[in-house]
1. How much accessible area does Arg202 have with a 1.4 Å probe, in Å² rounded to the nearest 10?
2. Starting from the amide H of His95, placed 1.01 Å from N in the peptide plane, find each other amide H under 5 Å away whose residue is 5 or more places distant or on another chain.
3. Remind me, what semi-axes does region 114-172 give for its equivalent ellipsoid, largest first in whole Å, using sqrt of 5 times each Cα gyration tensor eigenvalue?
4. Determine the share of region 110-255's accessible area contributed by carbon and sulfur atoms, expressed in whole percent, with a 1.4 angstrom probe.
5. Over the chain, give the accessible area per residue in Å² for a 1.4 Å probe, as an integer.
6. Give me log10 I(q)/I(0) at q = 0.07, 0.10, 0.13, 0.17 Å⁻¹ for the chain, Debye formula, one equal scatterer per alpha-carbon, no solvent.
7. Share of region 1-107's accessible area from carbon and sulfur, percent, 1.4 Å?
8. Any chance you could run the full-extension gain for Glu213 through Asn156? It's 0.36 nm times the residue separation minus the Cα-Cα distance, nm to one decimal.
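The values are calculated or read from the model by the stated rules, or taken from the named source; none is laboratory data. Remember, predicted model here, so these are calculated numbers, not experimental data. Neighbour counts run over all protein chains shown; Cβ positions are idealised from the backbone, glycine included. Ligands, DNA and RNA are excluded from the accessible area calculation, which covers all protein heavy atoms including side chains. Shrake-Rupley method; radii C 1.70, N 1.55, O 1.52, S 1.80 Å.
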Amino acid sequence: MPELPEVEVVANHLDILVRGRRIERADLLREKLAPDISREVFADELRGRIINRISRRGKHILFELEGGKTLITHLRMSGRFSLFPTELDDPKFTHARFHLDGESKLVFQDQRHFGLMKVVDTDKLTNTREIAKLAPEPFSDAFSIDYLTTRLRSSNVAIKLFLLDQTKVCGLGNIYSAEALFLAGISPLKAGARLGPKRIGRLHRSIRDVLSESLAIGGTVVVDPTNIGGNFYGTDTDAEWLVYDREGLPCPRCSCAIVRIRQNGRSTYYCRKCQR
């Protein structure tokens, strides 16, 4: 699943490609993609609106539209945007289609059918359920060491599961949680409430470090209209990870074998020696 850096790349590339374009027609092809609205209302709400800006909040992509509307999109496991000439056939698993001025169309594909779209009033965006529950952005002043300490003090769950909770830490998923914990030298099994001030400080710094590094790489990705953001999160980058998906391979610090365990049905990778 795309995490904060990957979603940031998609949002930035979309902003480059379609900002200022007018939605001439919007087709909701799979109704469950936008479960709170009918096909007809979806089309009516978006028809004729200019795309003013595309940004990100957590793992959500926000299309800010003319006339006070915002289209929220969550890619989930396999959602993907592509921009094609109007005359080309839609690719397989196209669930939404936006006909734009200039004889082009923006399509949303989702092979695994987990993506989500929602049209809301822009002035009510921060109170929308999907956005209101999110933790502060990791690079914001609100995501401070004091904030992280306060949230951890009341958490008895394993720290890896804490980091995956978007109401506690925003934007992290399975990959960057594993990487941040390795950099901080913290076992993914340790309860959050048992972390001391020094470890919390290291974890806070590590979260920002792993995200910053990935965002820097994402900033070098060439915009591909037919596969927006896919050249970043859709390729094999396993060799770049320190522990993620490296079961049995040597730890980059101590050369002990990286192990894989299951936490809430998901794989966790770590070094038993470096992350005690």
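1. 80
2. Correct list: Phe108, Gln109, Asp110.
3. 25, 15, 9
4. Carbon plus sulfur share of accessible area: 51 percent.
5. Roughly 46 Å² per residue, with all protein chains present.
6. -0.28, -0.56, -0.89, -1.30
7. 46
8. So the chain would gain 17.6 nm between Glu213 and Asn156.
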